[in-house]
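Everything below concerns the one structure shown next.
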């Protein structure tokens with residue numbers, strides 16, 4: 001393992017925005033930031049001590065040892081194909097859904113993945129210490145390197161296989177992206193009727209507290225769970241101006257009915 | 001207004017389970033509890049100081065002044081039709097979705113609604129002071145009575161019309177019932193792959209904290225939001241054993257794509 005790990009970051013999206021400063025603050029020198037959009041790379045370097053914007057994916061003369069791909073999942077293959085790495089580089093991706101093998105396009109052995117299970121947005125501070133990080137590598141030295149990086153920034157580090165990681169990612173889509181979308185639709189319904197979303201905050205907090213305490217499968221309530229078809233019909237009538245939202249209301253309600261009314 | 005408000009509760013479900021003791025502890029005497037299932041009524045009276053189980057809906061000789069219907073929404077009409085009230089009774093329902101007018105079947109003027117916007121489960125303690133309560137009555141004296149009851153148990157009391165209340169209830173279905181269902185599906189995906197749901201707790205907490213801070217419409221992340229069709233396809237393939245869950249994944253993802261990719 002090199003004495004000092006220096007790092008280059010490929011990507012400047014939500015994850016890179018939080019990960020690069022976390023590594024930087026933990027004492028790993030972030031030397032370079034590459035982004036398809038140089039302005040975004042520039043903005044990220046301004047959050048770092050001494051990083052420079054890298055204009056291309058040719059890192060052949062880079063002095064970094066670790067290269068972290070933090071781009072969207074569908075761009076990883078292209079980056080892995082195009083990147084030119086120095087000798088003895090370690091290449092890591094940060095995707096929940098991509099297998100390790102996608103990095104084979106980079107034609108080096110020292111590959112691994114480093115998946116932080118959290119939702120990142122640029123304008124919301126995050127305490128990386130609380131973010132679970134899941135590691136994968138078939139290469140022992142690379143695993144050590146990733147473990148070193150991960151443990152320096154998070155208290156919750158675990159090894160995981162590609163299939164398990166995919167399940168975790170799908171679970172995260174339901175628990176985060178879809179939960180958030182339900183909140184978005186809820187807010188819309190309220191706003192269309194001149195009601196403040198703030199009115200729902202105690203309900204939302206209690207829903208989550210209850211789900212995490214007694215388990216969501218034991219915490220379900222509401223008209224669909226009770227099989228109250230009259231209420232469902234009235235709600236669908238109320239939502240009839242927005243076909244898409246009515247369709248979501250219908251499908252999820254039906255799924256809840258099927259599950260709880262059959263018991 | 002009567003000098004002392006005494007109350008009878010019709011219903012013994014999740015809401016009655018928490019509401020009756022809250023009123024009782026606030027100093028309103030709960031005299032009677034009626035439930036279709038007498039055992040449930042019995043169990044609820046055991047949480048109260050001096051309440052008795054009422055075997056029928058004939059309250060003509062009751063000494064209570066306030067009658068609170070806390071049954072499921074689709075049973076209210078039947079209760080309102082069958083209930084026999086003493087003179088000068090006040091009749092209140094607690095439904096989010098039913099209009100005030102459903103109580104007209106009881107053939108008295110003093111009707112109102114009292115809607116606590118929260119998710120209640122019998123085995124989860126709730127601090128009623130934090131529960132927003134929404135009131136409606138077209139009868140001034142009844143409104144005063146409901147206001148007195150509501151303010152005694154909650155810090156957040158507001159008047160609302162039937163249509164607004166319905167919008168609020170639909171918003172609550174998305175923000176609570178559907179959010180909880182997303183957590184249930186998430187837990188299932190993880191458990192099927194021998195992963196603990198606990199791994200997602202930091203993600204879930206952050207998702208909610210972020211949604212409530214910067215607004216859910218500004219907090220969305222994930223493959224659908226990025227329009228990453230490859231990841232969506234891989235996830236759907238992974239979920240192919242469960243048609244229902246795959247259908248939900250597909251519909252919500254498509255809705256997110258339509259919303260964020262058009263912008």
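Taking the stretch B:49-75 as the range and being touching a residue at least 40 places away in the same chain (Cβ under 8 Å), surrounded by fewer than 20 Cβ atoms within 10 Å (Cβ to Cβ) and away from every other protein chain (no Cβ under 14 Å) as the test, the residues that pass are B:57, B:62, B:63.
In a residue-by-residue description of the stretch A:139-155, the property of being more than 10 Å from every other protein chain (Cβ to nearest Cβ) and assigned to a strand (DSSP E or B) applies to no position. Among the residues making up the stretch B:76-105, those that are within 22 Å of the chain's Cα centre (by Cα), part of a loop (DSSP other than H, G, I, E, B) and surrounded by 21 or more Cβ atoms within 10 Å (Cβ to Cβ) are B:94, B:95, B:96, B:97, B:98. Looking across the stretch B:213-236, just one residue is more than 7 Å from chain A (Cβ to nearest Cβ) and crowded, with 21+ Cβ neighbours inside 10 Å, and that is B:232. Just to be sure before I move on: is residue A:112 outside the structural domain of residue A:19 (by TED's automatic domain parsing), in contact with a helix residue (DSSP H, G or I) (Cβ under 8 Å, 6 or more places away or on another chain), buried (at least 17 other Cβ atoms within 10 Å of the Cβ) and free of Cβ contacts under 8 Å to residues at least 60 places away in the same chain in the structure I sent? No, not satisfied. Is it the case that residue A:168 is more than 16 Å from residue B:178 (Cβ to Cβ), facing chain B (nearest Cβ under 7 Å) and surrounded by 21 or more Cβ atoms within 10 Å (Cβ to Cβ)? Yes; evaluated as a whole, the condition is true for this residue.
Checking every residue in the stretch B:29-48 against the condition of being buried (at least 19 other Cβ atoms within 10 Å of the Cβ), over 19 Å from the mean Cα position of the chain (by Cα) and in contact (Cβ under 8 Å) with a residue 40 or more places away in the chain gives zero matches. For the stretch B:1-28, give me each residue that is more than 22 Å from residue B:123 (Cβ to Cβ) and either touching a residue at least 24 places away in the same chain (Cβ under 8 Å) or touching a strand residue (DSSP E or B) at 6+ places or on another chain (Cβ under 6 Å) (or both). Of everything in the stretch B:1-28, those that are more than 22 Å from residue B:123 (Cβ to Cβ) and either touching a residue at least 24 places away in the same chain (Cβ under 8 Å) or touching a strand residue (DSSP E or B) at 6+ places or on another chain (Cβ under 6 Å) (or both) turn out to be B:1, B:2, B:4, B:5, B:6, B:7, B:8, B:10, B:26, B:27, B:28. Here is the figure for the stretch B:195-204: residues that are part of a helix (DSSP H, G or I) and facing chain A (nearest Cβ under 7 Å) total 6. For the stretch B:29-48, what are the residues that are assigned to a loop (DSSP other than H, G, I, E, B) and either more than 26 Å from residue B:155 (Cα to Cα) or out of contact with any strand residue (DSSP E or B) (no Cβ under 7 Å at 6 or more places or on another chain) (or both)? Within the stretch B:29-48, B:35, B:36, B:37, B:46, B:47 qualify.
What's the total number of residues in the stretch A:185-194 that are surrounded by fewer than 24 Cβ atoms within 10 Å (Cβ to Cβ) and either touching a strand residue (DSSP E or B) at 6+ places or on another chain (Cβ under 8 Å) or facing chain B (nearest Cβ under 7 Å) (or both)?
Of the residues in the stretch A:185-194, 3 are surrounded by fewer than 24 Cβ atoms within 10 Å (Cβ to Cβ) and either touching a strand residue (DSSP E or B) at 6+ places or on another chain (Cβ under 8 Å) or facing chain B (nearest Cβ under 7 Å) (or both).
Restricting B:72, B:12 to those that are at pLDDT below 95, within 15 Å of residue B:93 (Cα to Cα) and in contact with a helix residue (DSSP H, G or I) (Cβ under 6 Å, 6 or more places away or on another chain) reduces the list to B:72. All conditions but one from (1) assigned to a helix (DSSP H, G or I); (2) in contact with a strand residue (DSSP E or B) (Cβ under 6 Å, 6 or more places away or on another chain); (3) within 14 Å of chain A (Cβ to nearest Cβ) apply to residue B:135; the one that does not is (1). Note on the stretch A:216-237: residues that are under 24 Å from residue B:204 (Cβ atoms), free of Cβ contacts under 8 Å to residues at least 24 places away in the same chain and assigned to a helix (DSSP H, G or I) total 4.
The values are calculated or read from the model by the stated rules, or taken from the named source; none is laboratory data. None of these values were measured; they are calculated from a predicted model. Please note: Cβ atoms are built from the backbone with ideal geometry, for glycine as well, and neighbour counts cover all protein chains shown.
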